[in-house]
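The values are calculated or read from the model by the stated rules, or taken from the named source; none is laboratory data. As the structure is a computational prediction, the values presented were derived from the model and not from experiment. Positions of Cβ are backbone-derived with ideal geometry, glycine not excepted, and every protein chain shown enters the neighbour counts. The area values use the complete protein model at the heavy-atom level, side chains included, leaving out ligands, DNA and RNA. Shrake-Rupley method; radii C 1.70, N 1.55, O 1.52, S 1.80 Å.
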Amino acid sequence: MLILIGIFNQSTLLLLLQKFWANLVSYLLWIAVTILAYLGILWLKYSTNIRGRIQKVQKQIKRLESTLKSTIVELRRRYNEQLKFEYDLYAQNLRVEALNYLIKTVKQRAETLRQTLSNLSEIYNDLVVQRDRATTNFSEVRLTVLTDADIDAYYQTFLTTLTTKAFTQERISRSLSWKISAEAFKNQLIPFTRQQFDQLSNLSIGEVLNQPDLITANTANLRLNQLYNSANLLLRIQDIDTNLNPTSQREITLWVGAKDKEEIFGLYSRFSRTLTALVAEDEQRLCVLTRSLGFPAYFLSQIEFYRDCYERTQSEQIDEDENIPDLIPEEIGSSRELKLAYQTLLLAIALGLLSQNSQGDYQFNGRSLGKDREQIALALATEFTFQELYGNLEERIETFGRDLIYQKLQELGTSASYLNHHEGKLLDHLLSEYNPLN
């Protein structure tokens, strides 16, 4: 407005400016009053309307802040619960995996334990079969101080004193028994068992006779009496009064171990006065040889047998055109013991236990026995140095089945043309004995 007035009428503009400067203070005062009035009106309006809203908004802000804080706390709690749930879930998965692994391991261990029990049962059955087959060598001229019944009775007593924890403490613990193979377990069990009975296997004849837990005094006297009677087999001359016939005096030679010589000599001298005791190398053997008229008792027994054959033949009527039958049957030879030894020899040849070298000598375990089969059989039956070999042959033969023995005997009969007539008869007897149809 002032610019327009100055454009069209400058005098008027100057007049207004002079008037304005003259009243500037009043104008300023009015302006200030106006501003204050305006401010007062605004303050009044703020006090009545806007302030309440602001306070309300501030309260809402405070409530929102409080709600936000509680929400943060709740969120943190939920987050913690989520973490705990995830941890529990992870732990549960670990438990499930551990349980599955445990079930798998238990199944494997159960199968291993089942196999171990099967192996132990097989070992037990095998040992029972070996025990049932084991027996002491016994014959009319080879007696035993301890019979199978005596050994079984001592074994039952021994089990009551043997601690059952000895094997598990010294060799294989129970926890280790299912971790090793059956062969390894057997290799530990058998040597341990043999170790428990080492003291028995090393006893001499005198020590056995003085062991009350092995054999009673009455039984020991009975065995010695049986040994004395067996040394006089089939001798009619023993019924003759030896005091009337000095040439028929019997002499007994006793071979016994050095440390038991005096003791056993005192025990055995009760049966015979004419007793000579000699020291033997083997303390576990007691050998007795009876002589009469200077001949061994087993030799004189054959003379008694031949005499019986002649006496029986003289009482029979024989036609003149017929040949006189052989009074010494070949199947008997010289004695029952020799026949059994000859049969054992033929069985060993048939089963391949005896082999011939380039010179034709029969061998067993690297030991040469000679070429003459009859002499070998005679040595097996009569010589003490061959008794251990004889026993080994019998044990090896018992390990073969009867069907296999019969088959090998048939093969020997068809292939061995070198057998003599007497051996052929023995072979026929063995074939009849081992025939599966019998």
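Keeping every protein chain present and rolling a 1.4 Å probe, give me the accessible area per residue for the range 334-438 in Å².
Value for the range 334-438: 54 Å² per residue.
Give a quick list of chymotrypsin sites (Phe, Trp or Tyr not before Pro) in the range 74-144 that DSSP marks as loop, anything other than H, G, I, E or B, with at most 13 other Cβ atoms within 10 Å. Write out the running numbers ahead of the final one.
Numbers: sites: Y79, F85, Y87, Y90, Y101, Y124, F138; in loops: F138.
Passing both the DSSP loop test and the Cβ count: F138.
Per 10 Å bin, what percent of the C-alpha pairs of the range 1-132 does each bin hold, from zero upward?
Percent of Cα pairs in each bin: 9, 11, 10, 9, 9, 8, 7, 7, 6, 5, 5, 4, 4, 3, 2, 1, 0.
Provide, for the range 1-78, the number of lysine pairs with alpha carbons under 28 Å apart, each pair being eight or more places apart or on different chains.
Going through the range 1-78 pair by pair, I get 5.
Show me the chymotrypsin sites (Phe, Trp or Tyr not before Pro) within the range 153-219 that DSSP assigns to loop and that have at most 14 other Cβ atoms within 10 Å of their Cβ.
Of the chymotrypsin sites (Phe, Trp or Tyr not before Pro), the ones in loops of the range 153-219 whose Cβ has at most 14 other Cβ atoms within 10 Å are F197.
Under the √(5λ) rule applied to the eigenvalues of the Cα gyration tensor, what semi-axes describe the equivalent ellipsoid of the range 63-172? Give them in Å, descending. Intermediate values should be presented prior to the final figure.
Values: eigenvalues 1174, 47, 9 Å².
After diagonalising the Cα gyration tensor, the semi-axes are 77, 15, 7 Å.
Rounded to the nearest percent, how much of the accessible area of the range 78-204 (1.4 Å probe, protein heavy atoms only) is carbon and sulfur?
Carbon and sulfur together cover 56 percent of it.
Per the Kirkwood treatment, what hydrodynamic radius in Å, one decimal, follows for the range 340-421 from the mean inverse distance over all distinct Cα pairs?
Over the range 340-421, the inverse of the mean reciprocal pair distance is 13.1 Å.
Report, in listed order, any pair from K371/K425; K107/K186; K186/K339; K261/K371 with a Cα-Cα distance greater than 32 Å.
Pairs exceeding 32 Å: K186/K339; K261/K371.
May I ask you to give the solvent-accessible area per residue for the range 59-105, in square angstrom, as obtained with a 1.4 angstrom probe?
Details: 4540 Å² over 47 residues.
Per-residue accessible area for the range 59-105 comes out at 97 Å².
How big is the range 100-151 along each principal axis, measuring the range of its Cα positions in Å and listing the largest first?
So the extents along the principal axes, rounded to whole Å, are 70, 14, 9.
Please enumerate, by chain and number, the lysines with C-alpha under 23 Å from the C-alpha of K104, excluding those fewer than 8 residues away in the same chain.
Counting by Cα, and skipping residues close in sequence, K104 has these lysines nearby: K179.
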